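The values are calculated or read from the model by the stated rules, or taken from the named source; none is laboratory data. Since we're looking at a predicted model, the values are computed, not measured. We place every Cβ from the backbone using ideal geometry, glycine too, and count neighbours over all the protein chains shown. Areas reflect the complete protein model, heavy atoms only, side chains present, ligands, DNA and RNA absent. Shrake-Rupley method; radii C 1.70, N 1.55, O 1.52, S 1.80 Å.
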Amino acid sequence: MKRSLFGRVWPNATAVVLFIGFVFPVYWMFATALKPRGDILADNPVWFPTDITFEHFETATGADHFWTYVTNSLTVTVLAVVFSLVIALAGSFALARMRFKGRRGFIIGFMLAQMAPWEVMVIAMYMIVRDASMLNSLVPLTLFYMMMILPFTILTLRGFVAAVPKELEESAMVDGCTRAQAFRRVILPLLAPGLMSTSLFGFITAWNEFALVLVLNKDTEAKTLPLWLSSFQTQFGDDWGATMAASSLFAIPILILFVFLQRKAVSGLTAGAVKG
């Protein structure tokens, strides 16, 4: 009886501890952003802000070039995700449905590309962009982000395509659909969980990327939000309220996206990992 009770309690207790460990930094970030300056610098921590202020958010959004950085980040991130999904849909279908020489090598290559740290290629990427006279441009940044997202997207969507019975596609073709029409009308709607999970992963990867934009884009008009966030400690000195407000603004788009896509994204990541 005691063993059975212990077996039920300790996993739940572990889950609660982990949940608190992951959630508390996020809570403290938002709470600090909403506290008056006196509460932030108080000797005794104010765990729950009572006098809520939005002064720090006004300071953050009023920083120089804030909306330029927002526009640049959204442009680069959204385009990279969209381009990677379009290419990955065709690539995953080919890997899942077609049999050709070197297919296994392609799959292994995508896996190796996914495991390779992109930071080791920063110097090579810089030299390529410099020789092409495209420094301080959002175009190479978008292309490189797409390349970072693409291997995971193809491997995940391949699992979903392989899980769709071929008979559904063949039935659609018997009814008069071409292969492209069968893919669009039969397979594509069934890939929604995979599209959601890969979109979320791609958005987070491109939105948070720091090293490439730091090296490639020195011009203020071509920078993105991660660089803007990193400059706050220098820009505001010890203004931790503005720093936490900036961090909160940076995290809000990902939190909103995850709330809307959470159910399908979690099922997509789980299914894509075991199918195909």
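Taken over the range 120-145, the criterion of being open to solvent by 30 Å² or more (accessible area, probe 1.4 Å) and part of a helix (DSSP H, G or I) is satisfied by Val120, Met121, Ile123, Ala124, Tyr126, Met127, Ile128, Arg130, Asp131, Leu138, Val139, Leu143. Is it the case that Ala206 is of a type outside the set (D, E, K, R) and under 30 Å from Ser171 (Cα atoms)? So Ala206 does not fit the description; no. Of the residues making up the range 74-91, one or more are in a helix (DSSP H, G or I), open to solvent by less than 40 Å² (accessible area, probe 1.4 Å) and of a type in the set (Ser, Thr, Tyr). So if I check each of Lys223, Lys218, which one is open to solvent by 20 Å² or more (accessible area, probe 1.4 Å), more than 20 Å from the chain's Cα centre (by Cα) and not polar (S, T, N, Q)? Of Lys223, Lys218, the one residue that is open to solvent by 20 Å² or more (accessible area, probe 1.4 Å), more than 20 Å from the chain's Cα centre (by Cα) and not polar (S, T, N, Q) is Lys218. In this structure, is Phe152 aromatic (Phe, Trp, Tyr), surrounded by fewer than 20 Cβ atoms within 10 Å (Cβ to Cβ) and assigned to a helix (DSSP H, G or I)? When the stated conditions are applied, Phe152 does not pass them. Apart from one condition, Phe100 fits all of (1) at pLDDT below 80; (2) open to solvent by 30 Å² or more (accessible area, probe 1.4 Å); (3) in contact with a helix residue (DSSP H, G or I) (Cβ under 7 Å, 6 or more places away or on another chain); the exception is (3). If you scan the range 161-182, which residues turn out to be out of contact with any Gly (no Cβ under 9 Å at 6 or more places or on another chain), open to solvent by 40 Å² or more (accessible area, probe 1.4 Å) and in a helix (DSSP H, G or I)? Once the filter is applied, which keeps residues that are out of contact with any Gly (no Cβ under 9 Å at 6 or more places or on another chain), open to solvent by 40 Å² or more (accessible area, probe 1.4 Å) and in a helix (DSSP H, G or I), the range 161-182 yields Lys166, Glu167, Leu168, Glu170, Ser171, Met173, Val174, Arg179, Ala180, Gln181.
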